[in-house]
Amino acid sequence: MSIMSDLPIFAFVGHPNVGKTSVLSTLAECDTAEIDRTPGTTKVNIRYPLEIDGKTLIQLVDTPGFDHHQDMVEWFENNYSKYSNPAQAFIEEYIKQPRYDHDCRIMKIIADGAIVLYVVDDSNPVRQADKNEMRILSLAGGSRMAVINSHKESGKTREKWLRELRPNFSIIRQFNAHNSWYPERKELLKAIREVDDDFRQRIDSCLQALAADWNNRLRVAAEAITELLRNCLKYRVSENIKGLSDEAIDKKRRELEEKYRNEVRRQISVTERKIRKLFKHTLWQKKLDEHPVRSGDIFAEEIVKALGMTRWQLTVATALVGAAIGGSIDAMMCGTTFLTGTIVGAAGGVLTGYFSTSTLVDVEIPNRLMSMILPSSDKDIQVMAVDNPNFVAVILDWMLLYCHEAMRWSHARRDNNEAKNSKVGFVHQISRQELAIQAAFIAWVKKGKTSNAFPDPMKNFKEFIVELLKKISNGRLLPETKNEKSLPDA
Amino acid sequence: MLPSGYCVTRPVMKNDADISIQWTLQDIADYEYLLYCDLDGDEDYLHERDRHIFLEWPGKAKKSQIFEDPDKTALFRFWLENRRWKMANAEKCLLPGPPVTKAMGILKTLVTLSGLLSGFCLVKNLLYYEGNLPTNVSYYFLLVILLQVFLLIFIVLTPVIMRTRAVDQLHQNVSLIAGILMPVFTWMSEKAYSAGLKLIPGKKRMEMPAWKDEIIIRAPLYNQAVRWNFASIIQRFGIAFNLAAIITFSVTIGFSDRAFGWQSTIDVADDTVYHVCRNLALPWGCFIGEGTGYPSLEQIEGTRVIRSMGSTHLSAGNLHSWWPFLILATAFYGFLPRLLLALWIRKKIKIVFSSLSFNDYESDKLYRRLTTNIVVETPKKEEVKLEAVTVHENLQKAPPDQPTESPTEQFRDLRESCILLTVDLEGELDIQSLREELTKHFGREIQECLIFGQSAAHDRQLEEALKNKKIAYLAIIDQDWNAPTGQDIERIQKFISAAGDQSLLTILLTGIPEDGSPTNTDPEHLKVWKRQIAKLHDPRIGVEALIK
């Protein structure tokens, strides 16, 4: 009966205000779609072609809500048996009447052979309008499934909905448009695949492409974070303080510290922008700025304490960095030092880690005595990242938290509830082996040292972040909550 | 995004499928340069560009839309060809590959020339002949043959020695020296780098530290390739040196009559020299035997120069016996091993280049960009025109949220009142108690409660029924979440016009009823209803919450 093209078209239809656009926004990761409580916000069919390498594999279509379900059901009941394509016949009869514009648009996409995804909101009881719409769809013919957009507790009403939907739809799936992300999107697409066997292969290709795309995003995010950390660790500011008084030196030191912090903040902001773009968010940043941890300054003491490593982790990590650097001296001395470098390095690391403060910035001021003895010695004051691995841990935690939110923030959401989120970080949960990867990365960036265990520390560190992001993505790594970690007040 | 009309890939050639996966030093130089250029590029742009290149690659094994496990070396080679083409044709950029190849060519030529020159000079000097005494072959034998034999043994044994524990100690000793020397070399190279930096103009100088960092990071990836390339250059020197030695020797004996003898102050027995010569001549001994291919014991005795005896005891025939042995020894222990080694290194270079793993950080990024699909889900508004002007759109010109004053107070004196209850609430609300409540609330008795919304036909009948009554007051009770659609609005308009010009209509909204009673209205839903009804510009219609 339908004028089926090669391109599978999936039309999201339903009563106004049930969340068709929300479901589609989440499914197509588009947060620019207009979503409002006022019915009739969607006035025309909006197509969301899913293009893979420039080729459209499927098309999702957002439609306006049914405007005249009562007139339509009456027409269909009287006429459906007279026409091979009743939807087309309906359009021909009502196209001239502007008030049926929305209804004609819905019928147009059905007449063109689209597979119908009937969206309902099960937080409200079933109405006559809904029954009419289900009747219209069954009389209009074609493949269809029901999508229950459930964003509230709806125990009783859901049962009623299911009773009404079952006779009309062989496939019924739940999908919370406001709380769904990649895994749920995948599940919904899998369900859509079942509606029509003809399109199974196409949707399988889409699923594969989406999986590859998601994996790619995690890798790009990991690369962005790795490069951010490398840049921040390498970055240093310096200025000559020859002939300056103590007060002037102190002022200069504060200025340089602020300059350093601003540059790190800027680099973080650039990386966040990349990640935001990667996960296709355009409206979301200001919501996250109200997060209790993320709303603070990354250099603030309470943030450093809330994120980053525990004292134990810090001690192990600094010991590993110290051992790596000391070990490279041993290697240079061909073992004649009997591992003294490694032992001294590790011991120094343990002390540094255990008694470290929560500052992330280190300042090197030239020694006055040395300047007097050796007039040619360095006269520059230098500000840089602390050798302490907590610098990397805090920024990493900060960025992981950002990625976690970016991954999970539904594109249909326009609310602001995330400020109540009590999640703080991930780095507390990383193992000793992972600390060693981090230590190797720091030793490589700061001192240019590599080891047999980590021949390409940048790649090793990136892969470590990819694994963390994968764990976050599949729910195996969750951020700790407020109870588990001290959290500053929002 | 790529600019429109941007040609990303070079035209696909017929022989693209056969693009050699063989890499050369020139390719590596270009590849590294192109990766460096992409370091700060926009991810979306790079992904799109590289993915286009991948899709043009004839070597991809397609399984539906997904391409599986492409051969990285061949894929990168194809990428490199495309990027080169693009840089050369569209962007008119110079790549470092050709200068690197040119520099290597010049280096090879210089090394070959120096090999030829040193071979010629050394042999010319070693074959110096005054005429009174025969040319002493001992120097030639030591410097040209024996030294090369030892070198050959060293080269053959090195891989064997490297596998034994003994070499670890040796390596450590070397490392100890390296440990001392390395800081000196580092210091010197730093100084040279700083001095060189001052010679580079502005912008380039600013870029140099970043380049240096990249080179330091990436140089170990090509250690093997560079090492074998230099080994190949050394063999080139060896071949040229030995070739020059053989040619010089041959020309010398061809165009002059030379006498060759040997001498030693140490008491070396003649048969020892004979045994050494015979053993060295083993490779060609079975083809060119004793007396021709190598000197016999008699010839060796006969060519030994003894200072006190002068040249009187030397027989003229024996004095010509050494040159075939010396030329053959040079060929077999100098020229041929170098030639074989050069061929082997050539093969080794090919193996090293074809087994480049490209497993580093930046190559990994490139591989990801090439092999990951570009997924785009950009919404597109429908272009099909369906006489798109609707009643709603016309009405939307009214200002939103226009406060609608409830007309209840103005029309209290009219007689009949009626409730219209949506079919969805039938059975959900206790109608009797609702009537009582509303009677109290509006100060007038509610005479009737009619149900609407079952069907279009039923609503038409209801409309007719309303026309026949003198309704002063209509109350539509509806669900707050059920925001009014076009049909609802039209129905409201029909009901109020059927009831007459003097009628008032209040839409009373309830939340989801509980135990037969209405519940509080969601203020947001109420706002939506008010906004929609305000668009009708009818002062007779008001919207209120059923429960205040």
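The values are calculated or read from the model by the stated rules, or taken from the named source; none is laboratory data. Small disclaimer: the values here were computed from a predicted structure and weren't measured. Cβ placement follows ideal geometry from the backbone for every residue including glycine, while neighbour counts extend to all protein chains displayed.
Residues in segment B:463-491 that are modelled with pLDDT of 85 or more and either closer than 13 Å to residue B:419 by Cα or of a type in the set (Ser, Thr, Tyr) (or both) were compared, and the one that is farthest from the chain's Cα centre (by Cα) is B:475. Only residues that are crowded, with 24+ Cβ neighbours inside 10 Å and of a type in the set (Gly, Ala, Ser) were counted across segment A:41-69, and they come to 1. Of the residues making up segment A:108-133, those that are in a helix (DSSP H, G or I) and facing chain B (nearest Cβ under 10 Å) are A:108, A:109, A:128, A:129, A:130, A:131, A:132. Could you please find all residues in segment B:219-248 being among the charged types (D, E, K, R) and buried (at least 19 other Cβ atoms within 10 Å of the Cβ)? Within segment B:219-248, just B:236 meets the criteria. Checked against the criterion of being within 12 Å of chain B (Cβ to nearest Cβ), assigned to a helix (DSSP H, G or I) and within 26 Å of residue B:47 (Cα to Cα), the candidates A:230, A:276, A:200, A:266 yield just one match: A:230. Filtering B:469, B:535 for residues that are more than 25 Å from residue A:68 (Cα to Cα) and of a type in the set (Lys, Arg) leaves a single hit, B:469. The set of residues in segment B:282-312 that are surrounded by 13 or more Cβ atoms within 10 Å (Cβ to Cβ) and aromatic (Phe, Trp, Tyr) comprises B:284, B:294. Residue selection: residue B:308 fails the criterion of being over 30 Å from residue B:115 (Cβ atoms), in a loop (DSSP other than H, G, I, E, B), more than 14 Å from chain A (Cβ to nearest Cβ) and hydroxyl-bearing (Ser, Thr, Tyr).
Exactly one condition in (1) farther than 14 Å from residue B:420 by Cα; (2) more than 13 Å from every other protein chain (Cβ to nearest Cβ); (3) crowded, with 18+ Cβ neighbours inside 10 Å is false for residue B:500; which is it? Exception for residue B:500: condition (3). Looking at this structure, is residue B:261 modelled with pLDDT under 90 and either within 28 Å of residue B:131 (Cβ to Cβ) or touching a Gly at 6+ places or on another chain (Cβ under 6 Å) (or both)? In short, yes. Restricting attention to segment B:321-363, the residues being surrounded by fewer than 18 Cβ atoms within 10 Å (Cβ to Cβ) and part of a helix (DSSP H, G or I) number 12. Note on segment A:134-150: residues that are in a helix (DSSP H, G or I) and under 26 Å from residue B:426 (Cβ atoms) amount to 6. Note on segment A:95-106: residues that are facing chain B (nearest Cβ under 10 Å) and surrounded by 19 or more Cβ atoms within 10 Å (Cβ to Cβ) amount to 7.
The sole residue among A:56, A:21, A:63, A:26 that is at pLDDT 85 or above and either closer than 20 Å to residue A:169 by Cβ or at the interface with chain B (Cβ under 7 Å from one of its Cβ atoms) (or both) is A:63. Give the residues of segment B:120-135 that are in a loop (DSSP other than H, G, I, E, B) and surrounded by fewer than 21 Cβ atoms within 10 Å (Cβ to Cβ), sorted by residue number. Hits for segment B:120-135 are B:128, B:129, B:130, B:131, B:132, B:133.
Filtering segment B:480-494 for residues that are more than 14 Å from chain A (Cβ to nearest Cβ) and surrounded by fewer than 16 Cβ atoms within 10 Å (Cβ to Cβ) leaves an empty set.
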